[in-house]
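Visitor: Below are the structure tokens for one structure; questions will follow.
The values are calculated or read from the model by the stated rules, or taken from the named source; none is laboratory data. The model shown is predicted, which means the values in this text are computed figures rather than measured ones. Glycine gets a Cβ as well: all are built from the backbone with ideal geometry, and neighbour counts include every protein chain shown. In case anyone asks, the SASA skips ligands and DNA or RNA and just uses the protein heavy atoms, side chains included. Shrake-Rupley method; radii C 1.70, N 1.55, O 1.52, S 1.80 Å.
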Amino acid sequence: MNTLLVDADDTLWENIVVFNDINRRYVSWLLPDRSVTDLQPELDALQVECIERWGYGRETFEKSLVEGVGRFTGRTATDTDRAFVAELVRPLQWDSLDVLDGVVEVLDALSERARLIMVTKGNLDEQRHKVDRSGLAGFFSAIEILETKSPIEYQRIITDHGLEIATTWMVGNSPRSDIAPALEVGLGAVFIPHAHTWSHEQVTVDPHPRLIELTSFRELTDRF
Ligand SMILES: [Mg+2]
């Protein structure tokens, strides 16, 4: 029986589009003369810096937007700015979550014939909340929430769950987190690009005998 390790954000449900929308509203509020496309590289750099300092999560993202007030305008952030940002990031409480097209049907079919383990990264409490909101937990025999997806973490999952490398595949949208480190430890990888994958998650992945690229989650049932 195959084991599929399945990423969650932007593989099972929409995630980055919510961040993109907040960034767009932030830029039009803070710097109405600049476009989000124009500012995106600087925003990305600031957000990566903040993640390195405070880890993933809504609070970090909120802090980065407050920090951006100073960095992008040269003035000190006021209480009004903080209140505006707090309102902007409200969707990141994930009170609603958009499960991607076909995901429920495909997981339902695959759970009959493969072992499914969700492997997501991010803030532990927030990811747990998203898993609950998604209603998808029942399809998985285990759920792994990681701080980062590294070869060491994939190796630990292989050991902890007694997985056979030859029949285990990592499925996800991020070349940096899902594909490259999984291939590095010998797992197969199924790359399902999302139209809006975050620039920070992009790395070049060379062709590999155990790399499959699909155009949609639905195609998984043709292969597994
Ligand atoms: Mg993802």
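Visitor: Quick check: anything in the stretch 148-157 under 13 Å from Leu4 (Cβ atoms) and either surrounded by fewer than 16 Cβ atoms within 10 Å (Cβ to Cβ) or not small (Gly, Ala, Ser) (or both)?
Guide: Looking through the stretch 148-157, at least one residue is under 13 Å from Leu4 (Cβ atoms) and either surrounded by fewer than 16 Cβ atoms within 10 Å (Cβ to Cβ) or not small (Gly, Ala, Ser) (or both).
Visitor: Also: Is there a residue being surrounded by fewer than 14 Cβ atoms within 10 Å (Cβ to Cβ), within 15 Å of the ligand (Cβ to nearest atom) and within 17 Å of the chain's Cα centre (by Cα) anywhere in the stretch 179-191?
Guide: no
Visitor: Report every pair of residues separated by at least 6 positions or lying on different chains whose Cβ atoms are under 6 Å apart, first residue within the stretch 1-13 and hydrophobic (A, V, I, L, M, F, W, C), second within 9 Å of the ligand (Cβ to nearest atom).
Guide: As it stands, the answer is Ala8/Thr120, since those pairs meet every condition given.
Visitor: Can you tell me how many residues within the stretch 137-176 are in a loop (DSSP other than H, G, I, E, B) and within 14 Å of the ligand (Cβ to nearest atom)?
Guide: 4
Visitor: What is the number of the single condition among (1) open to solvent by less than 20 Å² (accessible area, probe 1.4 Å); (2) modelled with pLDDT under 95 that Tyr26 does not meet?
Guide: Tyr26 satisfies all of (1) open to solvent by less than 20 Å² (accessible area, probe 1.4 Å); (2) modelled with pLDDT under 95 except (2).
Visitor: Can you tell me which residue in the stretch 107-132 is most open to solvent (accessible area, probe 1.4 Å), limited to those that are in a helix (DSSP H, G or I) and within 16 Å of the ligand (Cβ to nearest atom)?
Guide: Result: Glu126.
Visitor: Can you pull out every residue in the stretch 132-147 that is farther than 27 Å from Arg53 by Cβ and touching a Lys or Arg at 6+ places or on another chain (Cβ under 7 Å)?
Guide: Correct list: Ser141 only.
Visitor: Looking only at the stretch 21-41, decide whether some residue is within 16 Å of the ligand (Cβ to nearest atom) and not assigned by TED's automatic domain parsing to the domain that holds His200.
Guide: no
Visitor: Could you check the stretch 159-174 and list, in sequence order, the residues that are of a type outside the set (Ser, Thr, Tyr) and buried (at least 19 other Cβ atoms within 10 Å of the Cβ)?
Guide: Within the stretch 159-174, Trp169, Met170, Val171, Gly172, Asn173 qualify.
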